[in-house]
Structures are given as C-alpha cells and as structure tokens.
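The structure appears right after this line, and notes come after that.
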There are 2 protein chains.
Amino acid sequence: MFRAAVKTLSVATTTSVSRGILLSIRHYCKKTPAKLRVSEAVSGADLGAKVKVQGWVRSVRAQKANLFLHVNDGSSLLSLQVVASSELNDPLLTFGSAVEVTGTLRKSPHQNQPVELEAQQIHVVGECNPVDFPFKIKERHGLEYIRQFPHLRCRTNAFSSLLRIRSEAATAVHSYFKPSGPQNEEEENFFSVPAFLTVSGQLHLEVMSGAFSRVYTFGPTFRAENSQSRRHLAEFYMVEAEVSFTQSLEDLTKVMEDMFRSATEHVLAHCAEDVDLFHKHVTPGHRVTVEAMLKKRFPAITYSEAIDILNRSSEKFAFPTDWGCDLQTEHEKYLVKHCGNIPVFVTDYPYDLKPFYARDNQDHPEHTAAAVDLLVPGVGELCGGSLREERLDLLRARLEEAGLEDTYSWYLDLRRFGSVPHGGFGLGFERYLQCILGVDNIKDVIPFPRFSHSCLL
Amino acid sequence: MFRAAVKTLSVATTTSVSRGILLSIRHYCKKTPAKLRVSEAVSGADLGAKVKVQGWVRSVRAQKANLFLHVNDGSSLLSLQVVASSELNDPLLTFGSAVEVTGTLRKSPHQNQPVELEAQQIHVVGECNPVDFPFKIKERHGLEYIRQFPHLRCRTNAFSSLLRIRSEAATAVHSYFKPSGPQNEEEENFFSVPAFLTVSGQLHLEVMSGAFSRVYTFGPTFRAENSQSRRHLAEFYMVEAEVSFTQSLEDLTKVMEDMFRSATEHVLAHCAEDVDLFHKHVTPGHRVTVEAMLKKRFPAITYSEAIDILNRSSEKFAFPTDWGCDLQTEHEKYLVKHCGNIPVFVTDYPYDLKPFYARDNQDHPEHTAAAVDLLVPGVGELCGGSLREERLDLLRARLEEAGLEDTYSWYLDLRRFGSVPHGGFGLGFERYLQCILGVDNIKDVIPFPRFSHSCLL
C-alpha cells in the first residue's frame, strides 16, 4: 500500500522516531505550528515562528552536515528554502515528491532568499520516482515538451506562472467591468450586471442589454473549427460586452481599449514575478512590446484605409487585397507593424463580410457595416465587435433574404418592443494572454487545450 | 423605416421642434447634461443637476396638466419617476417603449420616491406596441407565464431582480474564494488560483490542486440528463473546489458551510431590495427559512444515521430505505425537516454508491467511502464532495476492476508523482439560488434554461 511508504522523519535531537517523542515535542511547543503557504512564509512576516509548510520538492541538495530543499506549493513562483540536518535526508526525498515540513522560519544569510525554514521534521507525504517523472531536476523544459503532459505541467515553473497570470487576468477582467470598493460613482456603475451565462452567444447577451443597458459575460465558448493553427482552439474563454444606447463605434472601441489597458496594468502589477519569468526567459524581449502598447492611444483606421495601406506596400501577400476581401492573418500582422507595432482598430468592414446583425452604414458606393476588429502584435485579431442593426425593417429584410426570419423571430421581437441603438464586442481571452506574454502557441496559455483531432485528457 | 418613427419631443417653452432650437437650449446650458443610470439618479446625490436618463417605460399616467412616467434601465429595482408637462405626451410613449429623458433632478414631494426628474425633453428611442407586447402594464405576471418569453422576461421586475441577485451571488462566490482588499492574511490567501477552466470536471481540477494546493472553478457544466424535474437542467453553473493536504471530510464541510454563509450574507446585504421582492411577493415567508439557515451551524450525520432516521420515521416513502440504497429526493427532504429545516451534511456513503475516485474508508462490516452531500431546505442535494483516493494501489485496483486503468493512466500518474491527501466538492449554483430565494422551478433562476426536449431560443 502507498501509505506504507509515507515516512515521518524527525529532527536530529530526537534519538528515535516514535509517536511519543513527536507528541512531546508538540507539547513542549505548547501549540500546533501554524500552517503557512509558501508565499506567506517567504514574505518574512513570521520570522522566528514555528510553522508547517506543505508542498512539492523542487530541488534537493545534500551536503555533509546539512540538507537543502526548495519547496513550492503553487502559491508563488518563489520556493521556500528548507535547511535541515543531513540526518533528515531520506531516499524518498526526491525532486517532485510531496512533503510536509515543520520548523522555524529564520532570516537567511543569502540575499536572494531572505527567509529559510530550519526544519525540525520532514514528512514525505507522496513519493515521486525521479526516473519515471517526465520533468528533470535543474533542466529547463520547453513549452512544447511540457505540453505533452497536460496532467503534470502545472508542476513546472513556466506553466504554474502562466496559470497564476491567467487567473489574475481573469480577475482583472471582472474588476474592470464590475469594480468593487471605493471608486468614483460612474466607474462603479458602468456595467452593473455580469450575465454569467452558460453557453450562449452575443444574441443572448443582446436580450439582456435590452433590459440592463450594459452587460458583460466571461466564460467558455466552443467552435468546431477544424484548424491546427497557433491561434485557434475548439474551447476557449471569451469576454463579451453589450452596451445599449450607443452613439457610435467609438463607444465600443473606448471600452475595448480601456479594458485592455486596465487588465494589462493589473496583471503587470499583481503578477510581476510570474510575468518576468516569461519576459526574461520564455519570450525574452517581449516586455518592450508590451510597454510600447500601453504608451500610446490605439489608432483606428477604416477597412478602406487598411486596403489602401496593403495595396501601397511592397510586401508580397499570399491572399488578395482587393476591396471586399476578408483580411487574412498576414494582412493583420502587416497593418499592426505599419501602425507602429501597437494595437490598431480597423472599422467599417464591407457589409457583405459581416453577419446579419451588424448595423448597415447605408453608405455608397462602397457598402459597409459598423463593425470593428482590434488587431494586436503577434496575434492579429484579438477583438471583434459591431453596432447591431436595431432598425426592425432593415433587420427583417436581411433575415428574409437569408430565409431566417422564422428562426430569429424572437430576435426581431427585441426590435419590436423598445429597441435601442446598441453594440458589443468579444475578446478572445487566450489570445489576450498570448499578446501580453508573447507566447506563440495558444495551447500554452490554457490548462487543458482542446483542438481538432486531439484531446490529450 | 423604424428610425422614421423616432420622435424628439421638446419642452413646452420651445415653440417648435427644430434642431436649431435644441442646439440653442444645449448652448444655453453651457454643457451636455450628464448621462446617469437610474440607480444613480434615484440616489439623490445629484439634486438640481441637469441630466439625461435612458431606459424603458414601466408606467405612463397622463393627467390634465402633467404627464408621469416611470423609467427603468435595469440598474436597480427602483424606477425613476419622470414628471413632464402634458404637452410632452405622445402616442408612442407606451409601456415598454425605450426613452431618453433630459431634465432636472428634483426632490419629490412623495415619500417613497425621494427624487423625480422634471423633464424638459423626452425622446422615444424605440416604440413598443402595447397590444403585441406580452407583458401588460400594472399586471403582476407569474414566473410560469414570463418563462414563455425568455427573450423578453428581463424586462419584468421579478426576473430582472432575479438576474441582479444571480449576478451578485456569482460575485460573492468569487469573493469568497479570492478575496481582494484588506483582509486577514490567511483568508486572503486561502484559494490563490481560480482555475477558470473551460469545460472540464473535477478530475481536471485535481490536476491543478496537485500543484497549487487549493483551487476553485466556477462555470457552466453540462449533463445529458433526461429529466423534466424542477431541479435539473442540461446546462447549469457549478462551483467546484479542490483542496490538497486535507485531513478529513471536516476540512471540506467547513469550506462548504463558510461559502454558503458568506455568499448568502453578501447577497442579502447587497441586493436587499431585489431579495425583498422575492421574499415578500414571489415566495412570501421564505425570509424566515433563510434566516433560520444562517442562525445555526449545519449539523452533520452519517449515511448510516440517516438510514436509521428514515427507518424510524412514520413517513411512508416511495423508495426503499435499506442500507446501501441511494437517498432519493423524498428522503433528502425528510432528513432536512428532521434536522430543523436547515442545511445538513450527510457523510460516509456506501462505497459501492460512489464513483471510483472517492476515498475508501476501509471500514466494515458496512463498507463506506469518505463522501459528503449537503442537503438544503426545499431543494435537497446542493453540494456533493469527497476525499479522493490518493493511494496508488487502492485506486489502481479499483480502476482495474472497472477496466479503466488505461483510460485513466494520466489520473493514476497524479498518485505516482508526489500524491497528497486531498478532496473537493461541487455546488450547483442554480440550486443555491432556488434555496435562498425559495424559487420552486430551476428554470426561473437562469437566463436561458436548456433542458431535455426543449430549447426555446
């Protein structure tokens, strides 16, 4: 049985490992040691305290007299250095094993780890055979290698940093739309109702904006895209917002840009060490790109201007750039570079390229719809949005043309009973993470990537 | 065209409705009136200010000299009373129409609506034919009636209150697991990483608790349940938490109870008016039940004790109550009543009733697993959880028995490489809302209910 392998290793000052002695040590200390997370222990707030820390061994180094461990519990990138008498060493104390360490927090003589835990007791809770474990001590494994082990990659520095950043970015998205605490009143109330929809799309969000004025939702979305690209997944997270009583596309681009800035500043401030790991070791140099993005307002060009820019360029594109053609990734990347390698809005796309709900600009000779995409460095399209056709007659005519009038009679109802000008957008959350971290492959920014013909677990 | 019907109604003091006059009024006021949400306007903070409010008409009353409207924009249950000269009346100003009202906020002579908007201009943005609109002015429509119009029911008081409560409860769940702002340190750090998984289950959350120690996720879940009950949906929201280094089921029941209390207190405090609407008009008397739930600690009984209670009762049950039988809704409801109509934990279920990952209690003669359900008044099962089998040999034996060893080899890996004692639970978010609001049918607490053989939109 696995439990039989669990060992309790006691301190050198006790002559034998027995329940009686351990109990008397606890009695001597008068109280059970406080359980601390590693992030709390390394903060230095509890120097001198007797504590218990639980986590996984990230390094083991045995010297003649002393044993040094690094223990990580996922609460931060930093591990806690544990110093013990070498008598506490044990063959089961390997890279990857789970341990419970009781001891006293001391100021460390080393500058880059101000706190260490002087261990009185080390308990191996779960073994880890280093030969079978796919990650090796002191080796830096690439993202591609660790991607093969979706059930274990949380135990690497890079992926645990990534997930802490992802989690903080998600919190930042919620805080942007629904700030709590003391804020100026306008900000506090801008989006009063997060929709927390199950799986529904923008049309369903429009149902809610037609009563709550401004709503957002943030959750998983599914696309049966048969694409093996570095930018597509079958399951991904999407932020969607819908705003009633809009006047123009600028009402939407303002929200998109504000959200991007607010979330990015939040992440840079709250996950500094984790972001640094990426910007220094995984995607070196990307910090400069991110800082440049935050420095300037995002420019906006029309689709027609974009086509002009592409046609005037000396670049050879694989796809056509005639007015009316959809912008391809190569075009998007060129436009971003052209605009100074910062995010850029492209507005007013050809009417025929956009779905039935996009608002008709009723212009000519080039017929456009009030739609907008946000293109960002390295990724291309990050957000897509539009004003929605709120005029009953125009919307009905377009649905009739497509033979969809009956299917969407409920959607037409929204224009029959108190219709208002409104619009909204969606942001691909994984692409956002790729953008701020510089991660090339979308599969590396989501815990369990699902994509066509592959589902590892 | 719909736009043609949009009318701008100007104040009585202007002799004709013309763009020029409107511009000059705006010029006279020197600045554009501030756009306020109804919740801001009724707060009374801006008395005397010239403001613009946008929303939907909830009542229209024309007297000889004056016109009275109530305008609601979903920001609160309260509507803003608008008072205008009757010259601003218009046949398009009907119940359900969308309007934009510019005017001055005044102290109201009426006690129960301290603020009113003295309108200088009323703009009908979107008409609403009151004959076709399924909701009628001054009628109180039942939840069952409004459920037929999933695309319009957000415009009723009851359902808009429900969605504000749902939204605030979701925020409360996130704040429970990931508090922000000044808190004591332990609380602040308890769950450091919200997983924000796409659709994955508890086994995937275990992957993450095996690196981050304590994780939670909150999102949609799908079940192909062919049930037409008032407690089941094909799509619902679930809160799931997974905690490493657990000692016992009490580690889990503590989190479940704390979360329930914390979320409920948050909702009662932050959505007082919306909750009151339910507790006074929709489910009268339910407030007493909720208050009773919060007064006492939740009792815990074992499954064996539960079976004894059922067998000693004089109640005739439709389903058997022999040891080894699953508890049915009728049993769950009886147990809750028996324990004082407050939430009750039932622990240590028969081993054979529980899935392969539940931890074997290795007891006899009655073989149980360390699993727990939380049963609540009116609903029955709200949460289900267990310690997970962390012992490699026991887990492998059980998977081999079921012929699942290969499928779950990745899951076995979690026990091979640094396994720790851990456990977790899930809470059905819609059932939670039913429980605190007293709502009988689960379809009334979710924006777009999906259930077998039915998908209205």
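Annotations
- The range A:341-362: number of residues that are in a loop (DSSP other than H, G, I, E, B), over 29 Å from the mean Cα position of the chain (by Cα) and in contact (Cβ under 8 Å) with a residue 12 or more places away in the chain: 4
- Meets criteria (among the basic types (Lys, Arg) and either in contact with a strand residue (DSSP E or B) (Cβ under 7 Å, 6 or more places away or on another chain) or surrounded by 14 or more Cβ atoms within 10 Å (Cβ to Cβ) (or both)) for A:Arg312: no
- Options A:Arg388, A:Arg431, A:Arg450: the member that is within 14 Å of chain B (Cβ to nearest Cβ) and modelled with pLDDT of 95 or more: A:Arg388
- A:Cys383 surrounded by fewer than 22 Cβ atoms within 10 Å (Cβ to Cβ) and outside any helix (DSSP H, G or I): no
- Unique residue being among the hydrophobic types (A, V, I, L, M, F, W, C), away from chain B (no Cβ under 14 Å) and surrounded by 20 or more Cβ atoms within 10 Å (Cβ to Cβ) when the list is A:Ala98, A:Ala84: A:Ala84
- For the range A:363-374, the criterion of a residue being touching a Leu at 6+ places or on another chain (Cβ under 7 Å), assigned to a loop (DSSP other than H, G, I, E, B) and either without any contact (Cβ under 8 Å) to a residue 60 or more places away in the chain or surrounded by 21 or more Cβ atoms within 10 Å (Cβ to Cβ) (or both) is satisfied by no position.
- Selected residue [touching a Pro at 6+ places or on another chain (Cβ under 9 Å) and either farther than 30 Å from B:Asp73 by Cα or surrounded by 14 or more Cβ atoms within 10 Å (Cβ to Cβ) (or both)] from A:Gly210, A:Gly285, A:Gly219: A:Gly219
- Qualifying residue in the range B:253-268 (condition: under 28 Å from B:Val173 (Cβ atoms), at pLDDT below 95 and either surrounded by fewer than 16 Cβ atoms within 10 Å (Cβ to Cβ) or not β-branched (Val, Ile, Thr) (or both)): no
- When A:Pro377, A:Pro299, A:Pro350 are screened for being surrounded by 15 or more Cβ atoms within 10 Å (Cβ to Cβ) and either touching a strand residue (DSSP E or B) at 6+ places or on another chain (Cβ under 7 Å) or within 14 Å of another protein chain (Cβ to nearest Cβ) (or both), only A:Pro350 passes.
- Tally of residues being closer than 24 Å to B:Ser209 by Cα and either of a type in the set (Gly, Ala, Ser) or within 28 Å of the chain's Cα centre (by Cα) (or both) across the range A:75-94: 6
- Residues (farther than 17 Å from B:Gly210 by Cα and not in a loop (DSSP other than H, G, I, E, B)) located in the range A:124-152: A:Leu143, A:Glu144, A:Tyr145
- Annotation: of all residues in the range B:222-242 being within 25 Å of B:Phe298 (Cα to Cα) and away from every other protein chain (no Cβ under 11 Å), the one that is surrounded by the fewest Cβ atoms within 10 Å (Cβ to Cβ) is B:Arg230.
- Scanning the range B:120-134 for residues that are more than 9 Å from every other protein chain (Cβ to nearest Cβ) and either of a type in the set (A, V, I, L, M, F, W, C) or touching a helix residue (DSSP H, G or I) at 6+ places or on another chain (Cβ under 7 Å) (or both) gives B:Ile122, B:Val124, B:Val131.
Condition check ((1) assigned to a helix (DSSP H, G or I); (2) modelled with pLDDT under 90; (3) within 10 Å of chain B (Cβ to nearest Cβ)) across all residues:
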{"site": "A:Ala158", "(1), (2), (3)": "yes, no, no"}
{"site": "A:Ser161", "(1), (2), (3)": "yes, no, no"}
{"site": "A:Ser180", "(1), (2), (3)": "no, yes, yes"}
{"site": "A:Glu187", "(1), (2), (3)": "yes, yes, no"}
{"site": "A:Gly210", "(1), (2), (3)": "yes, no, yes"}
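- If you go through the range A:112-157 and keep only what is farther than 30 Å from A:Asp46 by Cα, buried (at least 16 other Cβ atoms within 10 Å of the Cβ) and of a type in the set (Val, Ile, Thr), you end up with just A:Ile146.
- Within the range A:398-428, considering residues that are over 23 Å from B:Ala98 (Cβ atoms) and buried (at least 17 other Cβ atoms within 10 Å of the Cβ), the one nearest to the other protein chains (Cβ to nearest Cβ): A:Gly428
- Scanning the range B:279-326 for residues that are part of a helix (DSSP H, G or I) and over 24 Å from B:Asp258 (Cβ atoms) yields B:Lys280, B:His281, B:Val282, B:Ser304, B:Ile307, B:Asp308, B:Ile309, B:Leu310, B:Asn311, B:Arg312.
- Single unsatisfied condition, A:Glu390 versus (1) crowded, with 24+ Cβ neighbours inside 10 Å; (2) part of a strand (DSSP E or B): (2)
- Residues of the range A:113-123 satisfying the condition of being at pLDDT 95 or above and either assigned to a loop (DSSP other than H, G, I, E, B) or not polar (S, T, N, Q) (or both): A:Val115, A:Glu116, A:Leu117, A:Glu118, A:Ala119, A:Ile122, A:His123
- Some residue of the range B:435-444 being at the interface with chain A (Cβ under 10 Å from one of its Cβ atoms) and either assigned to a helix (DSSP H, G or I) or free of Cβ contacts under 8 Å to residues at least 60 places away in the same chain (or both): no
The values are calculated or read from the model by the stated rules, or taken from the named source; none is laboratory data. No experiment lies behind these values; they were computed from the predicted model shown. Cβ: placed from backbone, ideal geometry, glycine included. Neighbour counts: every protein chain shown.
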